[in-house]
Amino acid sequence: MRINAEDLTQKVTQILRKMGSSPSEALLVAESLVQSNLKGHDSHGVGLVATYVRHFEDGLLVPNTAVDLVKDDGVILMFDGRRGFGRRVGGEAMEAAVARCAQTGVTLMTLRNSHHIGRVGAYGEIAMSAGYISMHFVNVTDHVPTVAPWGGAEPRFVTNPLCIAIPGTENTPPTLLDMATSKIALGKARVAMSRGEKLSPGLVIDNKGQPSTDPSVMYDDPRGSLLPFGAHKGSGLALMCELLAGGLSGGGTIQPDNPRRESIVNNMLTVVIDPGRLVDTCWLSSEIDAMVAYVKSAQPADPKNPVLVAGDPERSRVIKCKVDGLEINDEAWEEMLNAEARL
Ligand code: NAD
């Protein structure tokens with residue numbers, strides 16, 4: 001089915017309100033899920049509502065939870081999300097980190113024990129709206145591992161996203177690198193499975209370590225694995241996300257002594273930087289303009305596909321979806337309505 005973003009936001013808000021979320025929290029989370037669909041990341045869109053409802057029913061997601069400041073030490077701010085909605089507690093932690101950055105020029109912020117924070121770029125966008133740069137390293141706990149380390153035949157990581165956000169200038173839109181360190185997010189396998197589609201080769205292995213294009217291998221028992229992007233380099237970055245986000249936030253890593261209750265808990269290490277404390281911002285803007293233009297001026301390998309930079313695909317997708325509406329597959333819609341009926 002096709003649905004416009006406003007109607008979809010309203011529907012999701014309604015469902016979240018039935019979980020007891022306040023009107024503002026429900027709208028914030030709904031808008032953030034729909035934004036993921038609009039930006040082309042259906043893996044982090046409204047298809048997650050049924051999962052959120054299940055976690056709520058199991059007491060693993062606690063609506064109406066504000067973020068808790070556990071340490072305030074100059075440039076360092078540490079927060080506990082107390083299993084609240086990730087978009088809410090993550091947003092509150094980011095707003096505080098941005099406010100602190102105005103005084104200190106740089107902030108090191110950690111967030112632990114948050115329910116799923118969703119599309120990490122959303123937090124980069126908060127920093128960019130204040131003119132700041134941000135870097136985010138994220139891990140996932142309270143979940144079984146889903147991503148094999150380089151050379152491994154069984155999973156040891158979860159998709160461990162990282163994000164770097166550089167604000168736009170008068171001439172250049174924001175540069176927002178926001179990606180899982182696996183070749184695809186787990187949700188992309190879920191979406192392919194629900195659409196009855198195969199995956200491209202090289203993205204997953206089955207539970208015997210053999211290459212597969214069948215997304216259902218990710219739901220076998222024992223599970224198959226997603227593969228890290230960039231061979232040993234993606235695997236190395238995933239480990240760093242575990243150690244930085246899980247270790248420095250105090251939330252813990254995916255290692256098996258930590259609880260795995262079939263939930264999604266995110267921990268995040270964030271650095272917010274006021275670039276004006278380092279260099280002249282007019283000069284920086286001209287460097288950003290020149291560098292991004294230089295990258296995009298490369299002769300495309302395929303004339304039909306011009307060279308892009310991070311952030312471009314999402315921007316053009318939002319424009320297209322605003323015109324065409326969003327496509328939701330029947331199974332995802334049905335799951336959402338079933339979850340609503342249970343509430
Ligand atoms: P992806 O593979 O589509 O990569 C997205 C990044 O690559 C974006 O920055 C995009 O602008 C850039 N990009 C895409 N095509 C490009 C091109 N042709 N040229 C230049 N740049 C290009 O996304 P993904 O890795 O599947 O991640 C999807 C989303 O899932 C992200 O928003 C991520 O934060 C989120 N995620 C969240 C969690 C979590 O636990 N909260 C876990 C994993 C992923």
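The values are calculated or read from the model by the stated rules, or taken from the named source; none is laboratory data. Source: prediction; values computed, not measured. As a convention, Cβ positions derive from the backbone with ideal geometry for all residues, glycine included, and neighbour counts pool all protein chains shown. Keep in mind that these areas ignore ligands, DNA and RNA; they rest on the heavy atoms of the full protein, side chains included. Shrake-Rupley method; radii C 1.70, N 1.55, O 1.52, S 1.80 Å.
Can you work out which of the residues in the stretch 11-45 that are polar (S, T, N, Q), open to solvent by 40 Å² or more (accessible area, probe 1.4 Å) and touching a helix residue (DSSP H, G or I) at 6+ places or on another chain (Cβ under 8 Å) is nearest to residue 189 (Cα to Cα)? Explain how you work it out, then say what you get.
If we filter the stretch 11-45 for residues that are polar (S, T, N, Q), which is where we start, we get 13-14, 21-22, 24, 32, 35-37, 43.
With open to solvent by 40 Å² or more (accessible area, probe 1.4 Å) added as a condition, the list becomes 14, 24, 35.
Filter again for touching a helix residue (DSSP H, G or I) at 6+ places or on another chain (Cβ under 8 Å), leaving 14, 35.
Values: 14: 27, 35: 20 Å.
Here the residue is 35.
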Checklist entry - Which one of these is more than 25 Å from residue 131 (Cβ to Cβ), at pLDDT 95 or above and surrounded by fewer than 22 Cβ atoms within 10 Å (Cβ to Cβ): 68, 80, 72? => result 68
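Yes/no matrix, rows are residues, columns are (1) in contact with a helix residue (DSSP H, G or I) (Cβ under 9 Å, 6 or more places away or on another chain); (2) among the hydrophobic types (A, V, I, L, M, F, W, C):
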| position | (1), (2) |
| --- | --- |
| 250 | no, no |
| 253 | yes, no |
| 257 | no, no |
| 267 | yes, no |
| 275 | yes, no |
| 279 | yes, yes |
| 284 | yes, yes |
| 289 | no, no |
Checklist entry - Out of curiosity, is residue 112 at positive phi and either within 14 Å of the ligand (Cβ to nearest atom) or at pLDDT 95 or above (or both)? => result no
Checklist outcome for this item: Condition set touching a residue at least 60 places away in the same chain (Cβ under 8 Å) and open to solvent by less than 50 Å² (accessible area, probe 1.4 Å), scope the stretch 101-112, selection nearest to residue 21 (Cα to Cα): answer is 111
Item to check | Entirely in the stretch 242-343, the helices (runs of 4 or more DSSP H) that have 3 or more residues that are open to solvent by 60 Å² or more (accessible area, probe 1.4 Å), away from the ligand (no atom under 16 Å from the Cβ) and more than 23 Å from residue 1 (Cβ to Cβ) | outcome: 281-296
Checklist entry - Where in the stretch 1-100 are the helices (runs of 4 or more DSSP H), entirely inside, with at least 2 residues that are among the basic types (Lys, Arg)? => result 5-18
Item to check | Selection count where residues are within 10 Å of the ligand (Cβ to nearest atom), polar (S, T, N, Q) and more than 16 Å from residue 269 (Cβ to Cβ), scope the stretch 160-184 | outcome: 2
Checklist entry - Do you know which residues across the stretch 293-319 are within 25 Å of residue 36 (Cβ to Cβ) and among the polar types (S, T, N, Q)? => result 305, 316
